[in-house]
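To keep things clear, I will list the structure first and then write my remarks on it.
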Amino acid sequence: MSIFASHMQQALIEARSAAQRGEVPVGAVLITGDGQIFADGNRTRAANDPTAHAEILVIRAACNATGSERLPGAVLYVTLEPCAMCAAAIAAARIARVVFGASDPKSGGVLHGAKVFSHAQAHHVPEVIDGIAASESEALLKDFFANRRS
C-alpha cells in the first residue's frame, strides 16, 4: 500500500494548491502505463469550466501527451471519489485502476450515486481502491468548506 500512499500524497499537494486558488480542494495524479506522470487540481473556477475537475484535467493531459484517447495500464489517484462525469471519462479512457481517498456520499459516482462502473453500459470497469489517505482528504475538504462558511 505504500506506493498508493506516496502517489496520494502528491494528489494531496495538488488538492492543497487548488484550495489556495479558491477551488474545491481535489487533486489527481495519473501515471500512464509507460510511467509518465500528470498531476493537477480542480480548476473549474479559474477556467470557467464545470468539467475542469482534477481527474478530467490529468486525463486530458495524458491523452494529449500519448496521442491517444485510451490510457490502458494507467493508474489514477484522486483525493475524492470521482463524480459520475469523471467516472464516465475514466471508463472511456480505459484507465486500469482508480485509487481514491475520501468517499463522496453526496456527489460520488463510483461507490455512491450513479455507481457508473456497475452499469452494463460502462465500456470499461477499472479496479477501484478506496480509502487511501482518506482522513487527510476528508480533513482538507471539511476545513475548506468550514472556512468558506465563516
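The values are calculated or read from the model by the stated rules, or taken from the named source; none is laboratory data. Keep in mind that what you see is a predicted model, and the values were worked out from it rather than measured. With ideal geometry, Cβ positions are generated from the backbone for all residues, glycine too; neighbour counts draw on all protein chains shown. Areas reflect the complete protein model, heavy atoms only, side chains present, ligands, DNA and RNA absent. Shrake-Rupley method; radii C 1.70, N 1.55, O 1.52, S 1.80 Å.
Can you go through E127, E69, E81 and tell me which one is of a type in the set (D, E), open to solvent by less than 20 Å² (accessible area, probe 1.4 Å) and closer than 18 Å to L30 by Cβ?
Only one candidate passes the filter, namely E81.
Within segment 40-72, track down each residue that is touching a residue at least 40 places away in the same chain (Cβ under 8 Å) and under 23 Å from G131 (Cβ atoms).
A54
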The lone exception for V29 - which of (1) crowded, with 21+ Cβ neighbours inside 10 Å; (2) within 12 Å of S137 (Cβ to Cβ) it fails: (2)
Determine which single condition A114 fails, assuming it passes every other condition in (1) open to solvent by less than 50 Å² (accessible area, probe 1.4 Å); (2) of a type in the set (G, A, S); (3) in a helix (DSSP H, G or I). (3)
Just one of the numbered conditions (1) out of contact with any helix residue (DSSP H, G or I) (no Cβ under 8 Å at 6 or more places or on another chain); (2) open to solvent by 50 Å² or more (accessible area, probe 1.4 Å) is not true of E136; which one? (1)
I'd like the residue in segment 84-106 that is over 26 Å from A19 (Cα atoms) and part of a helix (DSSP H, G or I) and, out of all such residues, is least open to solvent (accessible area, probe 1.4 Å). A91
